[in-house]
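Q: Before I ask anything, here is the structure I am working with.
The values are calculated or read from the model by the stated rules, or taken from the named source; none is laboratory data. Everything numeric here is computed off the predicted structure, so don't read it as measured data. In this analysis, Cβ positions are derived from the backbone assuming ideal geometry, glycine residues included, and neighbour counts consider all displayed protein chains.
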């Protein structure tokens, strides 16, 4: 069973939901559970739930946008690395180099090479991400 944790800022639900939709068929075919702020039941303590997710995650995605800060990344980095969670950045829109560098200290890499926002067809972007994630999920 793989447990995929999606880490994002509160403003980036659109990207998270696009990724979740693109992974729907993979969830059905394999034993994949997606976790993150989008899956926390209403009324639950978000911080507690995210800590619980971090304790069981096998893989993590960090959605990189102008909304997420280096502080967000640093907050999760220690727990991701301590729990040996395979982590990758998802390049959603153009960001400064300092943020990309902060993600690279935590993640194996950043996918896709162009931000989601650069794609004329967003569905194609999410399909490309899903294909790359399939490979990643089978590595651990």
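Q: Mind checking which pairs have a first residue in segment 92-107 that is farther than 19 Å from residue 5 by Cβ and a second that is assigned to a loop (DSSP other than H, G, I, E, B), Cβ under 6 Å, 6 or more apart or different chains?
A: Cβ pairs passing all conditions: 93/65; 93/115; 94/115; 95/66.
Q: Here is a further query. Only one of these is touching a residue at least 24 places away in the same chain (Cβ under 8 Å), under 15 Å from the mean Cα position of the chain (by Cα) and assigned to a strand (DSSP E or B): 61, 80, 136, 54. Name it.
A: Numbers: 80 fails: assigned to a strand (DSSP E or B); 136 fails: assigned to a strand (DSSP E or B); 54 fails: assigned to a strand (DSSP E or B).
Sole residue among the options that is touching a residue at least 24 places away in the same chain (Cβ under 8 Å), under 15 Å from the mean Cα position of the chain (by Cα) and assigned to a strand (DSSP E or B): 61.
Q: Further question: State all residues of segment 94-123 that are out of contact with any strand residue (DSSP E or B) (no Cβ under 8 Å at 6 or more places or on another chain) and either modelled with pLDDT of 90 or more or assigned to a helix (DSSP H, G or I) (or both); if no residue qualifies, say none.
A: Correct list: 97, 98, 101, 102, 117, 118, 119, 120, 121, 122, 123.
Q: For residue 66, indicate whether it is closer than 21 Å to residue 133 by Cα and in contact (Cβ under 8 Å) with a residue 12 or more places away in the chain. Break it down into steps so the answer makes sense when it comes.
A: Numbers: closer than 21 Å to residue 133 by Cα: no; in contact (Cβ under 8 Å) with a residue 12 or more places away in the chain: yes.
For residue 66, the condition - closer than 21 Å to residue 133 by Cα and in contact (Cβ under 8 Å) with a residue 12 or more places away in the chain - is not met.
Q: Looking at segment 11-29, is at least one residue surrounded by 15 or more Cβ atoms within 10 Å (Cβ to Cβ) and at pLDDT below 90?
A: Yes: segment 11-29 contains one or more residues that are surrounded by 15 or more Cβ atoms within 10 Å (Cβ to Cβ) and at pLDDT below 90.
Q: Only residues that are within 26 Å of residue 117 (Cβ to Cβ) and at pLDDT 95 or above: list them for segment 41-56, please.
A: Listed by number, the list is empty, since nothing qualifies.
Q: Give me the pairs, please: first residue somewhere in segment 28-42 and over 15 Å from residue 12 (Cβ atoms), second residue anywhere and assigned to a loop (DSSP other than H, G, I, E, B), beta-carbon distance under 6 Å, and either six or more positions apart or on two chains.
A: Matching pairs, first to second residue: 31/1.
Q: Taking only segment 109-130 into account, find how many residues are surrounded by 20 or more Cβ atoms within 10 Å (Cβ to Cβ) and farther than 17 Å from residue 7 by Cα.
A: Total meeting the criteria: 1.
Q: Here are some residues: 87, 106. Which one is in contact with a helix residue (DSSP H, G or I) (Cβ under 8 Å, 6 or more places away or on another chain), surrounded by 21 or more Cβ atoms within 10 Å (Cβ to Cβ) and closer than 22 Å to residue 34 by Cβ?
A: Working: 106 fails: surrounded by 21 or more Cβ atoms within 10 Å (Cβ to Cβ).
Step by step, each of 87, 106 is checked, and only 87 is in contact with a helix residue (DSSP H, G or I) (Cβ under 8 Å, 6 or more places away or on another chain), surrounded by 21 or more Cβ atoms within 10 Å (Cβ to Cβ) and closer than 22 Å to residue 34 by Cβ.
Q: Please state which one of 133, 137 is surrounded by 15 or more Cβ atoms within 10 Å (Cβ to Cβ), within 20 Å of residue 23 (Cβ to Cβ) and at pLDDT 85 or above. Reasoning before the result, please.
A: On the way: 137 fails: at pLDDT 85 or above.
Checking each option against the conditions leaves just 133.
Q: Oh, and also: Within segment 67-79, which residues are at pLDDT 85 or above, touching a helix residue (DSSP H, G or I) at 6+ places or on another chain (Cβ under 8 Å) and over 14 Å from residue 107 (Cα atoms)?
A: 68
Q: Step by step: first the residues of segment 30-51, then only those that are buried (at least 16 other Cβ atoms within 10 Å of the Cβ) and closer than 30 Å to residue 97 by Cβ, then the one that is farthest from the chain's Cα centre (by Cα). Which residue is that?
A: Going through the qualifying residues, I end up with 50.
Q: Now, a different point. If I go through segment 13-24 residue by residue, how many of them are more than 14 Å from residue 116 (Cα to Cα) and either free of Cβ contacts under 8 Å to residues at least 40 places away in the same chain or outside any helix (DSSP H, G or I) (or both)?
A: First, the residues of segment 13-24 that are more than 14 Å from residue 116 (Cα to Cα): 20-21, 23-24.
Okay, now just the ones that are also either free of Cβ contacts under 8 Å to residues at least 40 places away in the same chain or outside any helix (DSSP H, G or I) (or both), so 20, 23-24.
Final tally of qualifying residues: 3.
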